[in-house]
2 protein chains.
Amino acid sequence: MTPPLARFASLLADGTRATFCMALLDGRAWTAGELARYAGVAASTASEHITLLVAGGLLAEEHQGRHRYVRLATPRVAELIEEISVYADAGSPVPHKSLRGAVASEAMARARTCYDHLAGRLGVRVTEAMAARGLLGTEGGFTLTGRGREWLESEVGATLGGGRRPLVRACLDWTERRPHLAGAAGAALCQRLHGRGWVVRIGTQRAVRVTPDGATGLRDLLGLSPADLA
Amino acid sequence: MTPPLARFASLLADGTRATFCMALLDGRAWTAGELARYAGVAASTASEHITLLVAGGLLAEEHQGRHRYVRLATPRVAELIEEISVYADAGSPVPHKSLRGAVASEAMARARTCYDHLAGRLGVRVTEAMAARGLLGTEGGFTLTGRGREWLESEVGATLGGGRRPLVRACLDWTERRPHLAGAAGAALCQRLHGRGWVVRIGTQRAVRVTPDGATGLRDLLGLSPADLA
DNA sequence: GCCTTCCTTCGGCCGGCGCCGAAGCGTCCC
DNA sequence: GGGACGCTTCGGCGCCGGCCGAAGGAAGGC
């Protein structure tokens, strides 16, 4: 009766559910209660929303004791939501109302995670440095070159499993309006940078910060200057 | 207040508006009245929906006399809608209720346009044949090879302008579940096939048919067998 | 066992939104 | 000019769906 497109879109069309999904873009699993408090609704309300999102295939759930953990179902879902957000945000230039908000936004614009890979200025700079060094081909979509694969595995120490997930994928950055590296390679890279302590999460949100070690490492590895990381 | 993601998604969350967008995926401009009749709503209702979609940036309008022509705003919008549809359709296996519906669906699955490029089995076969012949690279997203560009320009007779639109792009086919060629190259190819009379539109919808000339041409050009076109 | 914590289910309320028909306006045709 | 046609605006109606609080499991700590 009502087209699948509409049924799917209606999942994201509610403010509270959309807020949940945006929060979950940090790639972590949240409990139902955390989401409820975050969005400012009653636990009962959140519970019903989560049930809908799970049934719609957007979220995956996992019960641990009395907690209901929930996360985005697949990387693909995260990418889809990011992609829609790019379009959605394009038409709404929202000025910052508070200093606190402006500071938080600035941190997000500087460096953040986009589900499981890097985004913001940092993500774009890293991506472009990789392209400049011939590690990434940029002709019509991204490609990982042979040198790029070797670089990731030996220099970065990432392991690129042979899963069904696309190796590289271009994800349009909603602050920079330019693509950054996503896909399995983007995720592996981000994971290693975290593992080496080169980037650390700021507070509870998606924003991250480059550590002094990270600044040195990224300079040696990709030639990124301090200005690229500011 | 309510997140941009939700405001955007709500545009597609209504059955009638979603029906409009799906219809417009044929790449043509429809009048407000045509859309109203197609979706089975009053003209007044359609008018209001169209106004919302235009304001939301999904549709572009053009007034000609007493007609209000409307089409998807950009190729990017079409791709976004297609992409969401892939995900939306995944969770809804809808059996055909009528013979007429089944025949129409079969024609759509065989060959159709996806906004301005080819889709369905035909679109996927063409894409894969191009890849097999080294015209298209498939490593992590599509790339047009040098031979591919030359082939398009001299063999097919397509002109690839230097616009801002990506040259090639992979568009996930919602019937085949495999990618087909989109982007500027996909559009140019599709346009030439129409221009040569190799494919013609069936009825008023998105489905197309390969003509006898087209069968010969596609065999010579890409080695496609009659089985590929069935 | 008892209490706390986390989650879910159930009613009930309320606002928003999609629908229509009537009326009005602009365009085109004769 | 007159009439047909396409579209839009406006009121009014009805329903869907998001919200909450209360009540009831289920898990965990003591």
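Below is a table of values for the structure above.
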quantity	calculated
Members of the stretch B:206-230 that are of a type outside the set (D, E, K, R) and touching a strand residue (DSSP E or B) at 6+ places or on another chain (Cβ under 8 Å)	B:Ala207, B:Val208, B:Val210, B:Thr211, B:Gly214, B:Leu218, B:Leu229
Search result, residues across the stretch A:41-71 that are of a type in the set (A, V, I, L, M, F, W, C), within 14 Å of chain B (Cβ to nearest Cβ) and either under 19 Å from A:Tyr115 (Cα atoms) or within 9 Å of DNA strand C (Cβ to nearest atom) (or both)	A:Leu53, A:Val54, A:Leu58, A:Leu59, A:Ala60
Which numbered condition B:Leu11 misses (of (1) within 14 Å of chain A (Cβ to nearest Cβ); (2) open to solvent by 30 Å² or more (accessible area, probe 1.4 Å); (3) under 28 Å from B:Arg169 (Cα atoms))	(2)
The stretch B:22-34 - residue that is away from every other protein chain (no Cβ under 14 Å), out of contact with any Lys or Arg (no Cβ under 7 Å at 6 or more places or on another chain) and open to solvent by less than 50 Å² (accessible area, probe 1.4 Å) and, of those, nearest to DNA strand D (Cβ to nearest atom)	B:Gly33
So B:Thr74, is it more than 13 Å from DNA strand D (Cβ to nearest atom) and either away from every other protein chain (no Cβ under 14 Å) or open to solvent by 20 Å² or more (accessible area, probe 1.4 Å) (or both)	yes
Enumeration of residues in the stretch A:35-51 that are without any contact (Cβ under 8 Å) to a residue 12 or more places away in the chain, in a helix (DSSP H, G or I) and surrounded by fewer than 18 Cβ atoms within 10 Å (Cβ to Cβ)	A:Arg37, A:Ala43, A:Ser44, A:Glu48, A:Thr51
Unique residue being in contact with a helix residue (DSSP H, G or I) (Cβ under 8 Å, 6 or more places away or on another chain), within 14 Å of chain B (Cβ to nearest Cβ) and open to solvent by less than 50 Å² (accessible area, probe 1.4 Å) when the list is A:Ala6, A:Ala109	A:Ala6
Qualifying residue in the stretch B:63-70 (condition: crowded, with 21+ Cβ neighbours inside 10 Å and in a strand (DSSP E or B))	yes
Hits in the stretch A:206-230 (condition: part of a strand (DSSP E or B) and open to solvent by 30 Å² or more (accessible area, probe 1.4 Å))	A:Arg209, A:Val210
Single match in A:Ala187, A:Ala158 (criterion: open to solvent by less than 30 Å² (accessible area, probe 1.4 Å), touching a Pro at 6+ places or on another chain (Cβ under 9 Å) and modelled with pLDDT of 80 or more)	A:Ala187
Lone unmet requirement of (1) at pLDDT 90 or above; (2) within 11 Å of DNA strand D (Cβ to nearest atom); (3) of a type in the set (D, E, K, R) for B:Arg7	(2)
Every pair of residues 6+ apart whose Cβ atoms lie under 8 Å, when the first sits in the stretch A:168-179 and is assigned by TED's automatic domain parsing to the domain that holds A:Thr143 while the second is surrounded by fewer than 17 Cβ atoms within 10 Å (Cβ to Cβ) and assigned to a loop (DSSP other than H, G, I, E, B)	A:Leu172/A:Arg178
Counted residues, the stretch B:21-64 - those being in contact with a helix residue (DSSP H, G or I) (Cβ under 9 Å, 6 or more places away or on another chain) and charged (D, E, K, R)	3
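The values are calculated or read from the model by the stated rules, or taken from the named source; none is laboratory data. Quick caveat: nothing in here was measured; it's all calculated off a predicted structure. Neighbour counts are summed over all protein chains in view; Cβ atoms, including those assigned to glycine, are modelled from backbone coordinates with ideal geometry. Protein only, heavy atoms only, side chains kept; ligands, DNA and RNA dropped before computing areas. Shrake-Rupley method; radii C 1.70, N 1.55, O 1.52, S 1.80 Å.
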